[in-house]
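Step one of this worksheet: look at the structure below.
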Protein chains: 4
Amino acid sequence: MQDKHSFDALRAEIRAFAQAREWEQFHTPKNLAMAMMVEAAELVEPFQWLTPEQSQALDARTRAQVGEEIADVLIYLTRLADVLGIDPLQAAFDKIKVNALKYPVEKSRGHNRKYDQLD
Amino acid sequence: MQDKHSFDALRAEIRAFAQAREWEQFHTPKNLAMAMMVEAAELVEPFQWLTPEQSQALDARTRAQVGEEIADVLIYLTRLADVLGIDPLQAAFDKIKVNALKYPVEKSRGHNRKYDQLD
Amino acid sequence: MQDKHSFDALRAEIRAFAQAREWEQFHTPKNLAMAMMVEAAELVEPFQWLTPEQSQALDARTRAQVGEEIADVLIYLTRLADVLGIDPLQAAFDKIKVNALKYPVEKSRGHNRKYDQLD
Amino acid sequence: MQDKHSFDALRAEIRAFAQAREWEQFHTPKNLAMAMMVEAAELVEPFQWLTPEQSQALDARTRAQVGEEIADVLIYLTRLADVLGIDPLQAAFDKIKVNALKYPVEKSRGHNRKYDQLD
């Protein structure tokens, strides 16, 4: 039995949402990537003038707004992956393995240099 | 027992990755939102000159690249939600309910108008 | 005498606008880059569900909106360049020269391949 | 006689560049908006992990990179405005007037609240 609160359940809900509205015609990978990106920027917007410290202590209203924008990005990202037949969780686990090789703990600890600038 | 291929497992892996490298100091919500957004744009980049049809028929190389960028967005999005104490899956399920009210099936079917322009 | 409708005049107006409001404190390069990017996404938003053809035939309302977003991007881009002491027009002319070398006419004509994929 | 270092001259050079390569077919407003946005994100990227102070004291290498990205954004923004028949300088001057009404000096001085939150 499927977990109601799983990534698979989310993908299924989003797919059904689009199908019920006959929106598959608009859901090309190109359009979905754009829509995801627009939502990503809306998630950045509340942070743009904040100090680092302020961004760590959001008021309740801003935090709720940020939560909605996180949701929007996740929804479009999930939908984009779905139409491309990509499993985003698996892709993320695979990428972490790649990142671990690019950023070995000993060389990366405590600073923010890019992998091509590690001594 | 936790599912190894779950959102919770992904969040835990990403958190451990950052802790091992002492990167929490860089992982302010502001910086993570920026990083997520930069990855979102990298996900858009392969699509920018494609026709809608070409975006639906990616060659293997581009599709693999897109998969990696989906992973990057998901990783930063998960990390951002984690430092803010937000559950992105729950946020997404909640948002779908809101969207269903904004876009009733009867009024939204088959076109791409925004909710504030539905007759 | 300075041209009233020049890039220099624009930079001066924007600078005066920020100074009058004592906004220099918020106008770090980091924050301005974020703000510019958020406006860039707002410029993308009206296009996200359009076909290529629809994007070439905007209705008056959308076209006006797009004009305002172009303005917003240009304002933040000009301000960012100003606080960094960069001349954006000169930078653009220089970049076109670089692009001309990366994309020789004979090899680039009529297709959209990246410079590293030209035969 | 036209100023060689003007916005008009830049627009003309970019237009000629595209024509020589027969790239008008790819330069739909939709595609150009995407390309501009991707460059905007590349301009954000060097800043993502920097403190506000670090972003104000870029090393020479990063500053040069930022200059190139500013150029890229300006080039695509100029081209997008050109294919839409919009004058970006005029749009920016007009927008500053609108902003001055939204952000009166007395109410906006010294803080970063949005116009809809000015008492």
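The values are calculated or read from the model by the stated rules, or taken from the named source; none is laboratory data. Note that the structure is a prediction, hence the values are computed from the model and not measured. Please note: Cβ atoms are built from the backbone with ideal geometry, for glycine as well, and neighbour counts cover all protein chains shown. The protein model used for the area step is the full one, side chains on, heavy atoms only, and it has no ligands, DNA or RNA in it. Shrake-Rupley method; radii C 1.70, N 1.55, O 1.52, S 1.80 Å.
Just the projected area, averaged over all directions, of the convex hull on the alpha carbon atoms of the protein assembly as shown: how many nm²?
On the way: hull surface 98.4 nm².
Hull-based average projected area comes out at 24.6 nm².
For label points placed 7 Å from Cα toward Cβ, what is the shortest-first list of nm distances from residue D:5 to its copies?
Listed shortest first, these distances are 2.1, 6.1, 6.2 nm.
How far is residue C:101 from the same spot in each other copy, in nm, shortest first, if each label point sits 7 Å from Cα toward Cβ?
3.3, 4.9, 5.9
Can you send over the carbon and sulfur percentage of the accessible area for chain C, probe radius 1.4 Å, protein chains only?
Working: 2760 of 5530 Å².
Looking at chain C in its full context, I get 50 percent from C and S.
Give, as a single signed number, the net charge of other residues whose beta carbon lies under 14 Å from the beta carbon of residue A:50, with Lys and Arg counted +1 and Asp and Glu -1. List each step's numbers first, then the result.
Values: positive: A:61, A:63, B:30, C:30, D:113, D:114; negative: A:45, A:53, A:59.
Net of charged neighbours comes to +3.
Kindly state, as a whole number, the per residue volume in cubic angstrom of the convex hull around the alpha carbon atoms of chain B. Write down the numbers at each step before the final one.
Working: hull volume 21.2 nm³, N = 119.
Dividing the Cα hull volume of chain B by its residues yields 178 Å³.
By the scheme Lys and Arg +1, Asp and Glu -1, what is the net charge of all other residues having a beta-carbon under 9 Å from that of residue B:109? It would help to have the intermediate numbers written out before the result.
Numbers: positive: A:21, B:107; negative: A:22, B:106.
Net local charge, residue B:109 excluded: 0.
Just counting partner chain Cβ atoms within 10 Å, what average do the residues of peptide C:97-103 show around their Cβ? Don't skip to the answer; put the middle values down first.
Numbers: counts 1, 2, 5, 4, 0, 0, 4.
Averaged over the peptide's residues, the number is 2.
When you look at the Cβ of every residue in B:74-82, what mean number of other chain Cβ atoms sits within 10 Å? If you can, show how the numbers build up before the last one.
Details: counts 11, 7, 3, 7, 4, 0, 5, 6, 0.
So the per-residue partner count for this stretch is 5.
Could you give log10 I(q)/I(0) at q = 0.18, 0.30 Å⁻¹ for the range A:1-59, computed by the Debye formula over C-alpha point scatterers of equal weight, without solvent?
-0.83, -1.14
Partner chain Cβ atoms within 10 Å, averaged over the residues of B:19-26 - can you pull that number for me?
Values: counts 0, 5, 11, 5, 7, 0, 5, 8.
Mean partner shielding for this stretch: 5.
Which distances, in nm and shortest first, link the residue B:60 label point to the same label point in every other copy, taking 7 Å along Cα→Cβ?
Its label point is 4.6, 5.4, 5.5 nm from the equivalent points in the other copies.
Before anything else, pin down the relative contact order of chain C: Cα pairs under 8 Å, at least 6 apart, normalised by residue count, whole percent. Write down the numbers at each step before the final one.
On the way: 50 pairs, mean separation 35.5, N = 119.
Contact order relative to length: 30 percent.
May I ask which residue of chain B has the beta-carbon nearest to the axis carrying chain B onto chain D, and at what distance in whole Å?
B:41, 2
Among the listed pairs B:102/D:107; A:102/C:114; C:30/C:107; A:97/C:95, which are separated by more than 30 Å between their Cα atoms?
Values: B:102/D:107 35 Å; A:102/C:114 26 Å; C:30/C:107 38 Å; A:97/C:95 37 Å.
Over 30 Å Cα-Cα: B:102/D:107; C:30/C:107; A:97/C:95.
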